[in-house]
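The structure under discussion appears below in the form of structure tokens.
The values are calculated or read from the model by the stated rules, or taken from the named source; none is laboratory data. Only a predicted model underlies this, so the values are computations on that prediction, with no experimental measurement involved. Neighbour counts run over all protein chains shown; Cβ positions are idealised from the backbone, glycine included. Only protein heavy atoms, including side chains, enter the accessible area calculation; ligands, DNA and RNA are left aside. Shrake-Rupley method; radii C 1.70, N 1.55, O 1.52, S 1.80 Å.
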Amino acid sequence: QDRVPKAVRQRMLKAVNLLHAESLVHGDLRKANFMIQDGDNEPEDRIKIIDFDWAGKEGEVRYPLHLSAGVYGKDINDFELIKHEHDKAMVARL
């Protein structure tokens, strides 16, 4: 599996930090949930986060049941509270 370019990954983390600054978490930061908008700018300048189904306030929203450890990691469990650290770890794995 190809890694996301470092500049794109850094911009993704910056976007995630904006969510975290508002005490929000996303919970599903896989490659499939980032899009690069068409345009002439650098890819990192055109990133869009999508799929906010699980997103909400940290300490209030939980992961659903039947998560795949291969996708979300061994440290994330079914129905666990979604934490800022989980979002950051998911971006780091991209």
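Worth pointing out:
- Using alpha-carbon coordinates, inclination of helix 84-93 to the longest axis of the chain, degrees: 50
- In summary, the lysines within cross-link reach of residue 57, defined as a Cα separation below 19 angstrom excluding same-chain residues under 8 places away, comprise 14, 83, 88.
- Using only side-chain charges placed at the Cβ, +1 for Lys and Arg and -1 for Asp and Glu, the dipole size of the chain relative to its Cα centre rounds to 300 debye.
- Counted residue by residue at 0.36 nm each, then reduced by the alpha carbon distance between them, the extension gain from residue 17 to residue 45 reaches 8.5 nm.
- Ranking of 18, 81 by solvent-accessible surface, largest first: 18, 81 (1.4 Å probe, protein heavy atoms only, all chains present).
- Distribution of pairwise C-alpha distances over the chain, 10 Å bins, in %: 16, 50, 29, 5, 0
- GluC sites (Glu not before Pro) restricted to region 10-94 and DSSP loop, no more than 12 other C-beta within 10 Å: 22, 60
- Region 21-92: chymotrypsin sites (Phe, Trp or Tyr not before Pro) in DSSP loop, at most 16 other beta carbons within 10 Å: 52, 54, 79
- Highest mobility in the GNM of the chain, judged by mean-square fluctuation with C-alpha springs under 10 Å and restricted to 71, 61, 25, is found for 71.
- Sulfur and carbon atoms: percent of accessible area, the chain [1.4 Å]: 49
- Here the Gaussian network model covers the chain, with springs between Cα atoms less than 10 Å apart; of 48, 57, 83, 48 fluctuates the most.
- What the chain shows is 65 Å² of accessible area per residue, with the surface traced by a 1.4 Å probe over protein heavy atoms.
- Taking Lys and Arg as +1 and Asp and Glu as -1, the other residues whose beta-carbon sits under 9 Å from that of residue 7 total +1.
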